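Take a look at the structure set out below.
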Amino acid sequence: GENVEQHPSTLSVQEGDSAVIKCTYSDSASNYFPWYKQELGKRPQLIIDIRSNVGEKKDQRIAVTLNKTAKHFSLHITETQPEDSAVYFCAARGSTLGRLYFGRGTQLTVWP
Amino acid sequence: DAGVTQSPTHLIKTRGQQVTLRCSPKSGHDTVSWYQQALGQGPQFIFQYYEEEERQRGNFPDRFSGHQFPNYSSELNVNALLLGDSALYLCASSLTGQGSGELFFGEGSRLTVL
């Protein structure tokens, strides 16, 4: 099955700086890569996703890049704010019907 | 428009007991997936239900079972509880056959096994 690895496990940045979280996957058949944000005690919420036919996608301060050849994808958050502090999970899926395979998460802390 | 709702939100059981967790999908969704999230870990896929049948299953023992009803709601049952079953159980709904099949998660049921 698919194996998703995520780094780093913790990340601390100063408000206004950029944050980058990286994930790798093992199954070349995976074609959908969502990112979820989970605040303490809350549900995981989709913040951005990308499909394998696209190399980059941006939504305001958040962007995701995908390198299919190297089988890795990254989340970029610019101009970070304290409210960006949360656990971020990457995930991969092989088909529309398929399960999501999650990384272990990155605890992002943004210091004011 | 109600999102995914789960009940109960918290519960405490003892080893060997049985538990039933419930989930109502987002309006218009027909597919329900269950995930187990241990403390400090990413969610792990348990199984997925569509058209009242288990369509996919993750690497969980058959102590974990489920059901989907005609109104698309779902239950997760866990028998013979172990300490290691303590976790947040997340239900996620989606619409099969449409676009990305984006998952919408509920707030979860936090199970503590003593």
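Quick notes on this structure:
To keep it simple, each residue is scored yes or no on (1) within 14 Å of another protein chain (Cβ to nearest Cβ); (2) assigned to a loop (DSSP other than H, G, I, E, B); (3) among the aromatic types (Phe, Trp, Tyr); (4) under 28 Å from B:Cys91 (Cα atoms).
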| residue | (1), (2), (3), (4) |
| --- | --- |
| A:Val54 | yes, yes, no, no |
| A:Lys57 | yes, no, no, yes |
| A:Ala63 | no, no, no, yes |
| A:Ser74 | no, no, no, yes |
| A:Glu79 | no, yes, no, no |
| A:Thr109 | no, no, no, yes |
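- Taken over segment A:71-100, the criterion of being in contact with a Pro (Cβ under 6 Å, 6 or more places away or on another chain) and within 26 Å of B:Gln56 (Cα to Cα) is satisfied by A:Ala91 alone.
- Checklist (1) surrounded by fewer than 16 Cβ atoms within 10 Å (Cβ to Cβ); (2) touching a helix residue (DSSP H, G or I) at 6+ places or on another chain (Cβ under 7 Å); (3) not aromatic (Phe, Trp, Tyr) applied to B:Asn79, failing item: (2)
- Looking only at residues in segment B:50-64 that are modelled with pLDDT of 95 or more and surrounded by 15 or more Cβ atoms within 10 Å (Cβ to Cβ), the one that is nearest to the other protein chains (Cβ to nearest Cβ) is B:Phe60.
- Elements of type strands (runs of 3 or more DSSP E) contained in segment B:1-43, each with 1 or more residues being farther than 21 Å from B:Arg57 by Cα: B:5-7, B:10-13
- Residue match in segment A:42-58 (condition: of a type outside the set (S, T, N, Q), over 15 Å from the mean Cα position of the chain (by Cα) and under 30 Å from B:His10 (Cβ atoms)): yes
- Being more than 14 Å from chain B (Cβ to nearest Cβ), more than 24 Å from B:Leu90 (Cα to Cα) and surrounded by 17 or more Cβ atoms within 10 Å (Cβ to Cβ) is a condition met by at least one residue of segment A:12-19.
- Looking only at residues of segment B:81-110 that are aliphatic (A, V, I, L, M) and in contact with a Ser or Thr (Cβ under 6 Å, 6 or more places away or on another chain), we find that the one that is farthest from B:Leu39 (Cα to Cα) is B:Leu103.
- Filter result for the condition that a residue is surrounded by 13 or more Cβ atoms within 10 Å (Cβ to Cβ) and among the polar types (S, T, N, Q), over A:Asn67, A:Asn31, A:Asn53: A:Asn31
- Residue count for segment B:78-114, restricted to those that are under 13 Å from B:Gly3 (Cβ atoms), among the small types (Gly, Ala, Ser) and within 7 Å of chain A (Cβ to nearest Cβ): 2.
The values are calculated or read from the model by the stated rules, or taken from the named source; none is laboratory data. Just so it is clear, the model here is predicted, and its values are computed rather than measured. So basically every Cβ, Gly included, is an ideal-geometry build from the backbone, and we count neighbours across all protein chains shown.
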